[in-house]
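Note sheet for the following structure.
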There are 2 protein chains.
Amino acid sequence: MDRDDERPLYLQVADQLRAKITSGELQEGDRLPSVPGLASDLGIARSTASEALKVLISEGLAVARSGAGTFVRLPREPQRLIRAWYRATPYGSPFRQDMERQGRAAGWTYDSQTLQAPPEIRTRLALTEPEGDTEDVVRTHYVFTANEEPVMLSTSWEPLATTRGTPIVLPEDGMLAGRGVVERMLSIGVVIDDWVEEVGARPGTAMECDRLRHAPGSTIMTIQRTYYAAEQPVETADIVVPADRFALVYCGKMGRFSG
Amino acid sequence: MDRDDERPLYLQVADQLRAKITSGELQEGDRLPSVPGLASDLGIARSTASEALKVLISEGLAVARSGAGTFVRLPREPQRLIRAWYRATPYGSPFRQDMERQGRAAGWTYDSQTLQAPPEIRTRLALTEPEGDTEDVVRTHYVFTANEEPVMLSTSWEPLATTRGTPIVLPEDGMLAGRGVVERMLSIGVVIDDWVEEVGARPGTAMECDRLRHAPGSTIMTIQRTYYAAEQPVETADIVVPADRFALVYCGKMGRFSG
DNA sequence: TCGAATTTGTGCGTATGTATC
DNA sequence: GGATACATACGCACAAATTCG
């Protein structure tokens with residue numbers, strides 16, 4: 001440690017602690033030195049030691065538990081979610097296929113409702129102006145689980161213009177329950193041929209983290225997926241996955257339209 | 001403001017300032033109250049006022065300029081990075097094309113070096129065991145800029161087995177400098193036909209955030225990209241983009257291999 | 001060009017509340 | 001219940017950057 005100008009003191013202390021984590025000297029779940037401990041050991045102020053730990057916490061390398069201490073929290077090796085559907089036969093649940101390939105039991109709970117689409121969804125589904133307060137979409141909230149643990153949230157929107165009067169109006173009802181949008185739509189003659197996904201990331205909201213049993217503020221990835229049949233959007237979904245458990249895998253071929 | 005238990009004081013102050021931003025009372029570039037100003041106006045300690053401003057900074061709603069003040073920085077509508085290359089002719093810089101489509105001036109700086117690939121990269125490039133300490137890859141660090149601002153980091157690895165003795169050993173050297181991997185490889189007869197991208201997200205490290213001029217700990221997305229020619233990996237890169245500025249767009253077609 | 005005023009960044013010290021062990 | 005730990009809040013001081021007359 002250098003008391004000179006070089007770098008701020010609290011960053012030097014953070015570097016020192018980070019090195020112990022990345023080198024493996026401190027492992028997952030191990031307790032980091034406490035604020036008073038660091039302060040007296042290194043001869044610095046408690047507030048300075050506290051700043052150093054906050055750096056590691058903001059980097060996601062540690063979590064503080066009030067009253068207990070600050071603990072190492074290594075980023076887990078993420079599971080891979082294959083998001084490029086090169087399956088020749090898109091039958092069955094894509095999520096279940098991904099999980100079973102990695103030896104995990106997939107499941108989900110859901111909750112469907114018909115209502116009038118909000119403006120943002122109208123844009124994504126290319127809906128016309130609403131007529132009065134007519135209900136024109138089916139919204140379904142999903143919680144997906146792997147080995148009984150919640151791991152993914154999804155909110156799906158399907159226009160009633162496409163599905164009204166068919167056996168698949170409700171996504172999780174009837175013979176094709178749980179088979180995925182593509183297969184369900186195919187059964188009523190709607191051939192989904194294009195997909196677009198827009199991937200973002202941000203700290204999770206309190207509600208999202210709660211439903212995923214995650215620490216508040218932990219990083220999540222968001223996917224806005226839209227399915228098209230003959231250039232017409234027939235389903236769109238907001239998908240939320242915790243970033244410390246999943247990586248999204250996309251692939252394709254060069255040189256011509258990637259679809 | 002409530003001096004009672006309710007919520008921590010610095011969060012209440014942060015809420016109050018955030019409300020002024022989201023309501024539009026304070027606009028992009030406007031100066032927030034200074035730390036001493038807040039402290040005396042609200043009758044709180046300067047350190048408490050400072051904490052409140054740090055909350056907004058960590059949320060990406062403000063930036064501090066030492067000596068000048070703290071300024072509103074509204075979350076921009078995220079720029080879209082098109083990551084599915086359906087360009088029939090993959091000529092020119094993909095990054096520049098994305099930026100110019102959105103009316104921004106693209107640029108980059110780089111730094112190339114030949115060295116022996118570390119284990120993780122060996123796996124990704126399917127390299128055999130190293131012979132002694134032979135240098136077998138070219139590593140290039142990039143900092144990409146849009147309108148002079150750093151917006152994306154990338155570290156690219158190319159096996160010397162592919163490029164040794166050709167005019168394109170150094171990515172940013174010679175006639176094809178800045179033209180992108182695909183075009184450069186094509187010029188030596190290596191036809192890149194497959195790509196795989198693995199997308200993750202996490203809080204940025206101190207170094208990453210510093211190089212991107214971002215608040216430490218702000219959310220970033222990571223992309224591990226690998227290019228293949230005839231099923232053989234010929235380049236891999238680690239790409240880092242700040243999540244509050246970019247969304248990644250992937251698209252494809254259903255029902256057959258998505259490439 | 002210079003200097004005074006302002007502002008952020010860092011670092012010190014202390015104290016209290018509350019959670020955990 | 002007592003010891004320990006983190007979270008919050010207060011106070012002060014100085015350095016470095018910026019701004020402006």
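Scanning the range B:52-66 for residues that are more than 22 Å from the chain's Cα centre (by Cα) and part of a loop (DSSP other than H, G, I, E, B) returns a single hit, B:Ser66.
The residues of the range A:49-63 that are in contact with a Leu (Cβ under 7 Å, 6 or more places away or on another chain) and either within 9 Å of DNA strand D (Cβ to nearest atom) or outside the structural domain of A:Gly37 (by TED's automatic domain parsing) (or both), listed by number, are A:Ala49, A:Leu53.
Checking every residue in the range A:195-203 against the condition of being out of contact with any His (no Cβ under 9 Å at 6 or more places or on another chain) and more than 9 Å from every other protein chain (Cβ to nearest Cβ) gives zero matches.
For A:Asp238, the conditions (1) in contact (Cβ under 8 Å) with a residue 40 or more places away in the chain; (2) more than 23 Å from the chain's Cα centre (by Cα) are fulfilled apart from (2). Just checking, which of B:Arg184, B:Arg122 is at negative phi, touching a residue at least 12 places away in the same chain (Cβ under 8 Å) and surrounded by 17 or more Cβ atoms within 10 Å (Cβ to Cβ)? Exactly one of B:Arg184, B:Arg122 is at negative phi, touching a residue at least 12 places away in the same chain (Cβ under 8 Å) and surrounded by 17 or more Cβ atoms within 10 Å (Cβ to Cβ), namely B:Arg184.
Against the numbered list (1) within 11 Å of chain A (Cβ to nearest Cβ); (2) at pLDDT below 80; (3) surrounded by fewer than 21 Cβ atoms within 10 Å (Cβ to Cβ), B:Ser258 comes up short only at (3). When the range B:204-221 is filtered for residues that are crowded, with 20+ Cβ neighbours inside 10 Å and over 19 Å from B:Asn147 (Cα atoms), the ones remaining, listed by number, are B:Gly204, B:Ala215, B:Pro216, B:Gly217, B:Ser218, B:Thr219, B:Ile220, B:Met221. I'd like the residue in the range A:204-235 that is free of Cβ contacts under 8 Å to residues at least 40 places away in the same chain and hydrophobic (A, V, I, L, M, F, W, C) and, out of all such residues, is farthest from the other protein chains (Cβ to nearest Cβ). In this case the residue turns out to be A:Met207. Take the conditions (1) more than 14 Å from chain A (Cβ to nearest Cβ); (2) surrounded by 13 or more Cβ atoms within 10 Å (Cβ to Cβ); (3) away from DNA strand D (no atom under 13 Å from the Cβ); B:Ala19 misses just one of them, which is (2).
For the range B:103-118, does any single residue satisfy the condition of being more than 16 Å from DNA strand C (Cβ to nearest atom), assigned to a loop (DSSP other than H, G, I, E, B) and either basic (Lys, Arg) or not assigned by TED's automatic domain parsing to the domain that holds B:Val181 (or both)? The answer is yes, given that some residue of the range B:103-118 is more than 16 Å from DNA strand C (Cβ to nearest atom), assigned to a loop (DSSP other than H, G, I, E, B) and either basic (Lys, Arg) or not assigned by TED's automatic domain parsing to the domain that holds B:Val181 (or both). When A:Glu100, A:Glu158, A:Glu135 are screened for being in the same structural domain as A:Leu186 (by TED's automatic domain parsing) and part of a loop (DSSP other than H, G, I, E, B), only A:Glu135 passes.
Residue-by-condition table, conditions (1) assigned by TED's automatic domain parsing to the domain that holds B:Ser66; (2) out of contact with any Pro (no Cβ under 7 Å at 6 or more places or on another chain); (3) not in a strand (DSSP E or B):
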| position | (1), (2), (3) |
| --- | --- |
| B:Pro167 | no, yes, yes |
| B:Leu186 | no, yes, yes |
| B:Gly217 | no, no, yes |
| B:Glu235 | no, yes, no |
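Is it fair to say B:Ala49 is in a helix (DSSP H, G or I) and either within 15 Å of DNA strand C (Cβ to nearest atom) or over 13 Å from B:Leu61 (Cα atoms) (or both)? Against the criterion (in a helix (DSSP H, G or I) and either within 15 Å of DNA strand C (Cβ to nearest atom) or over 13 Å from B:Leu61 (Cα atoms) (or both)), B:Ala49 qualifies.
Within the range B:34-46, if we keep just the residues that are in a loop (DSSP other than H, G, I, E, B) and touching a residue at least 24 places away in the same chain (Cβ under 8 Å), the residue that is farthest from DNA strand C (Cβ to nearest atom) turns out to be B:Ile44.
The values are calculated or read from the model by the stated rules, or taken from the named source; none is laboratory data. Quick caveat, the model's predicted, so the values are computed rather than measured. Neighbour counts are summed over all protein chains in view; Cβ atoms, including those assigned to glycine, are modelled from backbone coordinates with ideal geometry.
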